[in-house]
Amino acid sequence: MRTGALRVAVVARAVMPLHGVGGLERSVRDLVRHLAARHVDVTLIAPPAAAFARRAQADPFGAPNIRIRPVRYVTFPLANRRGTTILDRSTSYLLFGMRAGRLALSIVRDGGVDIVHGFGASVLGYAGPRRRTRDGDRRSGASAPLVFNPQGLEEFGATGARQAPLKRLGYLPLQRAVRRCARAADVVISTDASLDDTVTRHLAPAPGQLRTVPNGIDLVEAGSLAGPADGHLLRQKHGIRPGEFVLLSVGRLEHNKGFDVLADALARAARPDGPLAAPGWRWVIVGIGPHRREIEKAIDTHGLGAHVLFAGRAGDADLHAWYEAATLFVHPTRYEGSSLVTLEAMAHRKPVIATRAGGLPDKVRTGENGWLVEPDDPAALADAIEAAAGHAARLPAMGARSRHIVEAEFAWPVLAERQIAIYEELLRRTD
């Protein structure tokens, strides 16, 4: 029987701030920090810090109960961005997963941790020795339960992305590795209830194996980055009038984000006799990416140029100031994972128009805090924009509802307690 603090090994291929900024990196960082804040001893198994992180700070988490165990990540010459190419994900990533998983196994056998929590194929070396029998028991030298979070399942095309035949073929090794980890796990995490069916379809969890624990947001951090005054200053800086209706979109400028669809929708909604005409409006796009020229072409085609501001890459403080400056957050994505940017906008009390993609239906509720429309439907998107602009008096209350949803369901203190409850349940089974 366990005595003392709960001990968890968290295994991931990337974590913020050691390896840059991204959805996975932020989720791992927040999990580790909030577990440690609840007196959980955390062993973080991840690649060594990138050079920029080593220069920036020696202690990235500032918590004595977080211990980092680096495992080398060897990137092949043609896969020069860690974890971002198909070649890398089906070679370097799997080799890292074998090494990192084996380190977790060694720590477990030495009695160093009670639970292993793995993200994606990073626990491949731990999953190997574990076999699920027909009755669900695990029989191996790896005695600590395994909690497995497959994240977005991009390798399966699970977010709705269209995959070319060669891309599907290239992802086969990673698909097999992820399924192997899922079969070995005691619990498989789905990051949104609306994605449960997707996870079930691709990973076939056993009855009772699937649990939903969303990716969340650190509300204290979000509030410290920007407040209403920062939003007002940003509007003034860019010549946005006090009553002007500001639609904000955040994301990498890629085809899948649907910004071209939003340009079409705005052309429909911004008619001279429409609700956007009287206050005037701006569309602010925060992000960079290869699709900018196509977005600009769509904007020019519809004659929207005078209303559109490309804000480019924004640091955390500027990004959160834009959330404060906005009237409405619009996320026209064609496919999606959990969408942390939507949660960030909601944390800043913004109503949301989003597509019914990925985990967005768990967050945006038509009539409560925003509107949901089908992807690639500019007419429906235009109708939602007109509804929002035509009932502007309702928007503050809808924004307050956004904040309430985040506080109740997506704030990290809530999610950390839910995750710890799963750990404790698994440990009770083994006592």
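The values are calculated or read from the model by the stated rules, or taken from the named source; none is laboratory data. Quick caveat, the model's predicted, so the values are computed rather than measured. Note that we place each Cβ from the backbone using ideal geometry, even for glycine, and neighbour counts take in every protein chain shown. We work out accessible area using only protein heavy atoms, side chains counted, and drop any ligands, DNA or RNA first. Shrake-Rupley method; radii C 1.70, N 1.55, O 1.52, S 1.80 Å.
Tabulated data
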quantity	calculated
Set 61, 156, 119: member being open to solvent by less than 40 Å² (accessible area, probe 1.4 Å) and modelled with pLDDT of 95 or more	119
Subset of segment 8-43 (residues that are assigned to a loop (DSSP other than H, G, I, E, B) and within 18 Å of the chain's Cα centre (by Cα))	12, 13, 14, 15, 16, 17, 18, 19, 20, 21, 22
Enumeration of residues in segment 318-340 that are hydrophobic (A, V, I, L, M, F, W, C), over 17 Å from residue 395 (Cβ atoms) and at pLDDT 95 or above	319, 321
Qualifying residue in segment 313-323 (condition: of a type in the set (Lys, Arg) and either over 18 Å from residue 152 (Cβ atoms) or without any contact (Cβ under 8 Å) to a residue 40 or more places away in the chain (or both))	yes
Count of segment 91-113 residues which are of a type in the set (Ser, Thr, Tyr) and open to solvent by 20 Å² or more (accessible area, probe 1.4 Å)	2
Close pairs from segment 64-76: first over 8 Å from residue 44 (Cα atoms), partner among the hydroxyl-bearing types (Ser, Thr, Tyr), Cβ under 7 Å, at least 6 apart	73/92; 74/92; 75/92; 76/91; 76/92
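Yes/no per residue for (1) of a type outside the set (A, V, I, L, M); (2) under 20 Å from the mean Cα position of the chain (by Cα):
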residue	(1), (2)
329	yes, yes
334	yes, yes
340	no, yes
350	yes, yes
362	yes, yes
371	yes, no
374	yes, no
386	yes, no
393	no, no
